[in-house]
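Asker: Below is one structure. I have some questions about it.
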Amino acid sequence: MDLSESAAIRAYYDDFADHYVPGWRSLQFYGPLVADFLLRAVTPGCRVLDVGCGPGQLTRDLAPGVEVTGTDLSPRMLAEARRERPGGRYEQHDFHDPFPAGWGRFDVVVAVGCLEFCRDLPGTLANLAAACAPGARLLVGVVEDRETARRPFSEDGLPGVGMNAYSATAQLAAVTAAGLSPWSYRFVPAWRHEEYSYVVRYGLWELRRD
């Protein structure tokens, strides 16, 4: 990711980390879909990678024996996640970069609510695949805007930062190029963009790392 764009995103989410969860609950639709996936995918003692974890609201209530690693650009978001689940591991990391080999491999990967900022979907999915243990299960949410490929994210808080969208065809190509197997695909409402008064929709993929 462009360093100036990365810094803008980090500052934006640092600014309202303390108040993110109440607003998230009122604007997001994908929470129950992620919860359903985790209920089916997470097993005792498995390792979960929560990409773009924010304050950890998606994985903080997993069983204590589950090993959670969360990544985000925002140090303050990571601090909130660490406070909510002190036993987790939380690292500042850009998903455009490979995940460090020293973190080990993961059995379950969630990347939902963060790929709005993904400028290189094939490369990012390849990074996720490389972080997976054999047989790993993934849930990935990609903005699928069937009208335009890129919108301003927030001219008020994030001027010049775009929200990246990909067609279903481009998503499938990136999935297969990364060596991942599609298990299911749904076109779902993801969250309401208040500034522009429309609902952002995801291509929501359940994937396997064979």
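Asker: Return the residues of the stretch 179-210 that are within 17 Å of the chain's Cα centre (by Cα), closer than 18 Å to A41 by Cβ and open to solvent by less than 40 Å² (accessible area, probe 1.4 Å); say none if nothing qualifies.
Answerer: Once the filter is applied, which keeps residues that are within 17 Å of the chain's Cα centre (by Cα), closer than 18 Å to A41 by Cβ and open to solvent by less than 40 Å² (accessible area, probe 1.4 Å), the stretch 179-210 yields L180, V188, Y202, L204, W205, E206, L207, R208.
Asker: For the stretch 167-210, what are the residues that are at pLDDT below 95 and assigned to a loop (DSSP other than H, G, I, E, B)?
Answerer: S167, E194, E195, Y196, S197, D210
Asker: Just one of (1) in contact (Cβ under 8 Å) with a residue 60 or more places away in the chain; (2) farther than 22 Å from V200 by Cα trips up G160, so point out which.
Answerer: Failing condition for G160: (2).
Asker: Turning to a different aspect of this structure: Kindly evaluate T148 against the criterion of being over 20 Å from L27 (Cβ atoms), modelled with pLDDT under 95 and β-branched (V, I, T).
Answerer: Yes: the conditions hold for T148.
Asker: Ok, one more. Which condition breaks for L138 when tested against (1) closer than 25 Å to D50 by Cβ; (2) open to solvent by 10 Å² or more (accessible area, probe 1.4 Å)?
Answerer: (2)
Asker: Now a separate question. Examine the stretch 53-70 for a residue that is among the small types (G, A, S), surrounded by 15 or more Cβ atoms within 10 Å (Cβ to Cβ) and touching a Phe, Trp or Tyr at 6+ places or on another chain (Cβ under 7 Å), and state whether such a residue exists.
Answerer: Step one: list which residues in the stretch 53-70 are among the small types (G, A, S), which gives 54, 56, 63, 65, 70.
Adding the requirement that they be surrounded by 15 or more Cβ atoms within 10 Å (Cβ to Cβ) leaves 54, 56, 70.
Next cut, touching a Phe, Trp or Tyr at 6+ places or on another chain (Cβ under 7 Å) only: 54, 70.
Scanning the stretch 53-70 turns up at least one residue that is among the small types (G, A, S), surrounded by 15 or more Cβ atoms within 10 Å (Cβ to Cβ) and touching a Phe, Trp or Tyr at 6+ places or on another chain (Cβ under 7 Å).
Asker: Hey, among the residues in the stretch 103-135 that are among the β-branched types (V, I, T) and under 27 Å from D15 (Cα atoms), which one's surrounded by the most Cβ atoms within 10 Å (Cβ to Cβ)?
Answerer: Our first condition is that a residue be among the β-branched types (V, I, T); within the stretch 103-135, this holds for 108-110, 112, 124.
Adding the requirement that they be under 27 Å from D15 (Cα atoms) leaves 109-110, 112, 124.
Working: V109: 26, V110: 28, V112: 23, T124: 25.
Looking at the filtered set, the residue picked out is V110.
Asker: Can you name every residue in the stretch 14-52 that is open to solvent by less than 70 Å² (accessible area, probe 1.4 Å) and modelled with pLDDT under 90?
Answerer: Answer for the stretch 14-52, where residues must be open to solvent by less than 70 Å² (accessible area, probe 1.4 Å) and modelled with pLDDT under 90: F16, A17, Y20, V21, G23, W24, L27, Q28.
The values are calculated or read from the model by the stated rules, or taken from the named source; none is laboratory data. Quick caveat, the model's predicted, so the values are computed rather than measured. Here the Cβ is made from the backbone with ideal geometry for all residues, glycine too, and neighbour counts use every protein chain on show. Remember, those area values only see protein heavy atoms, side chains included, never the ligands or the DNA or RNA. Shrake-Rupley method; radii C 1.70, N 1.55, O 1.52, S 1.80 Å.
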